[in-house]
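One structure is given below, encoded as C-alpha cells.
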Amino acid sequence: MSSETRYHPGADMQGFIRELMEFSGLDETDVATIRRTAPVILRHERDITSALYEHFLKFPTTARFFLRDDGTPDQQRLDRRKHSLGRWLRETAEVSMTHDFVYYLLGVALSHSHRATGPGGTVPPQFMVATMSLAQTTFARLFQAELSDLQEAFDASLAWNKLLLIHLNALLLGYFLPQRQA
C-alpha cells in the first residue's frame, strides 16, 4: 500500500503491514529471532500483564479505565484485559501477519480509540504509545537477563522493537477514523 493511496490503510491491512515491515526492515532473520526468543517473553506472560495493569492503576489518567463507579479497581475487567493482552502476546510471538491477525489488530485499535461507553471513555493515543514503550523496555530487560549471549539479547530486542512499532502503527489507525455520531 503506497502512501499515495487515497483510502484508509484499514481497507488493506495486510498491504499496510507488509509495507511497514519492508520499510522498517523487519525481515525473515528478525522473524526467526522473534520466534526463537518468544519463549522468553511467553514464560513471563502473567507477570508482564499483571505488572502492566498495576502500572495503569498507579496513574489516575489510566486507572480510570479500570475502576468501578465507587473508585475501586474492577478486578473482573482487569482479569479480562490481562487475558486479552496475553492473547496479543501469544499471537504477536508467532509473527503471522495473516488477514485475520492484522484485522484483529485493527479491531483492538478501534476498541481503544472509539470507546463511546465504558469506564474512562476513549483511550488517549499517547497511552498507546507509552504502553508500547513499556513493553519494549520489559522485553529488552527479559532478554538481557535470560539470554546468555548478549548479542542474541541485542538482536532479539531489535527484532521485537521493529515488530512492536509495526503493531503500534496499526493500533494508532483507529485514531485516524472519524468517530461515529450517535
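Computed from the coordinates by the stated procedures, all read-outs in this text should not be read as laboratory data. Owing to the predicted nature of the structure, the values given are computational and were not obtained by experimental measurement. Methodologically, a virtual Cβ is constructed for each residue, glycine included, from the backbone with ideal geometry; neighbour enumeration extends over all protein chains shown.
Remarks
- Compactness of the chain as Cα Rg over 2.2 N^0.38 Å, two decimals: 1.07
- Relative contact order of the stretch 13-176, defined on C-alpha pairs under 8 angstrom at six or more residues apart (%): 35 percent
- Among SER84, SER148, SER96, residue whose mean-square fluctuation peaks in a GNM of the chain (springs only between Cα atoms under 10 Å): SER148
- Summarising the label geometry, the points placed 7 Å from Cα in the beta-carbon direction at LEU172 and ARG68 lie 3.7 nm from one another.
- Distribution of pairwise C-alpha distances over the stretch 11-78, 5 Å bins, in %: 3, 13, 14, 12, 10, 14, 17, 11, 5, 1
- Distance in nm between pseudo-label sites at GLN75 and GLU54 (7 Å out along the Cβ direction from Cα): 1.6 nm
- Highest-fluctuation residue, LEU89, LEU168, LEU150 considered, GNM on the chain with Cα pairs under 10 Å: LEU150
- C-alpha center-to-center spacing [the stretch 80-94, the stretch 95-138] in angstrom: 12 Å
- Computed 3J(HN,Hα) for the stretch 139-147, one whole-Hz value per residue from the Karplus formula 6.51 cos²θ - 1.76 cosθ + 1.60 where θ = phi - 60°, is 5, 4, 5, 5, 5, 4, 6, 10, 9, glycine and proline marked x.
- For the chain, the mean residue ellipticity at 222 nm estimated from helices alone is -22500 deg cm²/dmol, where every DSSP H run of n ≥ 4 contributes -39500 (n - 2.57) and the total is divided by all residues, rounded to the nearest 500.
- Interchain or long-range residues, amide H under 5 Å from LEU67's placed H: ASP74
- The GNM of the chain, with springs linking C-alpha atoms under 10 angstrom apart, assigns the highest mean-square fluctuation among GLU28, GLU146, GLU91 to GLU28.
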